[in-house]
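Chemist: Got a structure for you, questions after.
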């Protein structure tokens, strides 16, 4: 009898699983650009009728004292609250838009300050006792989506139409920036698929995006990236073989631009009129477009330099290579000679200072002081997945790719 019951339950579970797979596929066919894989519903806490709740949101000009006063605490009690909280979280560090919540029950007063999306400060005082303070984790919920699109107009426009938020598109670009030059390599018909996770706080407010896995097909080549956290807590994106997507240098210092002039041994200067070598690449972009350091290094020159206008030169950590960035409209805050910068850090903004007919970045790559064509420099990959974790990574990679493949478009479902 028990055996038949187990078999019956197993068949029932399989049928339920098949039903939900079909339902997901049908939904994917109806809305092919965005498919929900998993969702943890946000369940609002049911209020206890015996409790009284008062909420105050921090506004410009508010102080902790004024907020505690608005919540009904006398000055001496407010001072006790502020003093008690110091060891856990100093209440002088409050931020506009964050909430204070006072909850009164029969024998206890609770005060909550929401520090960020993940943590909150909780102070409690029972009748006849003093205040106690602690930090608590806030409930975080997640929604996982799979989105795919084919580029017809531009990456930004087509990705937006598919449902990707602007900052998520930038994350996708950053993920593949070492292999794809988004200024010159994209073609009509290129495509991408991305599986990403949205995070929500306990109020249902969207807090951020994390790309879990993605593929990008560029000019017939398929690039794959899978997020992996190693035993040391380091998070990187790797291809299916465990090779790191990150390279020593980015392929381009400017996103969403076009190349207006290439590296040449001779070129007629657009302003001076005579022919001379053009020892870099010009990226045409709007004034104010951010310029990124293509690799880690130290600023060895920052200032005006003849026809280059506002100029920065970075000597990279290997001591052999340096890069130069010219015609800036302004420098990023904090840039100075001797400062160390990280790969991808914004160092300045596109402009047309010096000898320039329009806003662009003139970019040079130098090896042992000699200018070389930036578009032909080979970039060495960062460290791969640690050998002792390679098996675990491959299992995760296989599962990620399997989940993404479930949402390939299939007309048979329609």
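The values are calculated or read from the model by the stated rules, or taken from the named source; none is laboratory data. None of the values given here were measured: they were computed from a predicted structure. Here Cβ is always computed from backbone atoms with ideal geometry, including for glycine, and neighbour counts include all displayed protein chains.
Chemist: Give just the number: which of (1) exposed (fewer than 15 other Cβ atoms within 10 Å of the Cβ); (2) in contact with a helix residue (DSSP H, G or I) (Cβ under 8 Å, 6 or more places away or on another chain); (3) under 25 Å from residue 208 (Cβ atoms) does residue 135 not satisfy?
Modeler: (2)
Chemist: Right, here's the next one. Please tell me if residue 148 is under 30 Å from residue 224 (Cα atoms) and at pLDDT below 90.
Modeler: Spelling it out, it is not the case that residue 148 is under 30 Å from residue 224 (Cα atoms) and at pLDDT below 90.
Chemist: Which fully enclosed strands (runs of 3 or more DSSP E) of segment 216-299 have 1 or more residues being modelled with pLDDT of 90 or more, within 23 Å of the chain's Cα centre (by Cα) and surrounded by 21 or more Cβ atoms within 10 Å (Cβ to Cβ)?
Modeler: Of the strands (runs of 3 or more DSSP E) lying wholly inside segment 216-299, those with at least 1 residues that are modelled with pLDDT of 90 or more, within 23 Å of the chain's Cα centre (by Cα) and surrounded by 21 or more Cβ atoms within 10 Å (Cβ to Cβ) span 221-229, 235-238, 290-292.
Chemist: Looking at residue 173 and the list (1) in a loop (DSSP other than H, G, I, E, B); (2) over 20 Å from residue 66 (Cα atoms); (3) in contact (Cβ under 8 Å) with a residue 40 or more places away in the chain, which single condition is not satisfied?
Modeler: Against the list (1) in a loop (DSSP other than H, G, I, E, B); (2) over 20 Å from residue 66 (Cα atoms); (3) in contact (Cβ under 8 Å) with a residue 40 or more places away in the chain, residue 173 comes up short only on (1).
Chemist: In this structure, is residue 161 at pLDDT below 90 and not assigned by TED's automatic domain parsing to the domain that holds residue 344?
Modeler: no
Chemist: Condition (residue is surrounded by 14 or more Cβ atoms within 10 Å (Cβ to Cβ), touching a strand residue (DSSP E or B) at 6+ places or on another chain (Cβ under 7 Å) and outside any loop (DSSP other than H, G, I, E, B)) applied to segment 85-96: is it met by at least one residue?
Modeler: yes
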